[in-house]
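First comes the structure, then the notes that go with it.
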Amino acid sequence: MRYVATRTPNGCEVAWGDMDMTMEFQKKFNTSRALLLLSCIVLLSCALAVAQKKSKYRCDEEQPESMCNAANTCGSASSPCTINITRSASYANVKPGIPNAKNNQFFCIKAGTTVVWMSSNKNNGFMVSFGTDSPFDPDDPIRGGGAKQVTTKASTPGCYKYDVGAFRSGTVYGMSGGSKSELVILP
């Protein structure tokens, strides 16, 4: 054990014992505190990363068909669903024939419904692709334009992501950026 003695300004002698042990304890305490703080930061950043990985696609959610209602369901067995595809400055826009519909909104169609794909822009063409699992008959990419409507029938229930491109004839940079849209075919 080591003692350190010092004198105060008024002449008294003060002794402190075991200074080495006190300094060593303080170093260990500071190191433990730093490790605890670092652990908290790592855990917090992991939790934020997991929270940010939530998909922005409705088809990735557990039951996307539960989001279907009368306000976002297009057509019926007796009336066709008309889908208007237009081109903005840099994007393709898909608007279902639903009152107050917005461009590229999520929408639903009942199986058996006739679907008319069209463009209200005279000089536009479009292409819609569902990849390898199209829910429509015929099971081909849908290609049409202002002068050519395409009629399909919704056949396979499920939630589908699809790519849409729109182009304007006679322009140098005619193809717009595609949009990644989603729809649900209800049973």
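The values are calculated or read from the model by the stated rules, or taken from the named source; none is laboratory data. Note that the coordinates shown come from a computational prediction; the quantities given were computed from them, not determined experimentally. Counting neighbours? That spans all protein chains shown, and the Cβs are built from the backbone with ideal geometry, glycine included.
Going residue by residue through region 81-96, is there one that turns out to be buried (at least 17 other Cβ atoms within 10 Å of the Cβ), in the same structural domain as SER179 (by TED's automatic domain parsing) and assigned to a loop (DSSP other than H, G, I, E, B)? The answer is no; no qualifying residue exists.
Condition check ((1) surrounded by 17 or more Cβ atoms within 10 Å (Cβ to Cβ); (2) touching a residue at least 40 places away in the same chain (Cβ under 8 Å)) across all residues:
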position: LYS110; (1), (2): yes, yes
position: SER129; (1), (2): no, no
position: THR156; (1), (2): no, yes
position: SER169; (1), (2): no, yes
position: LEU183; (1), (2): yes, yes
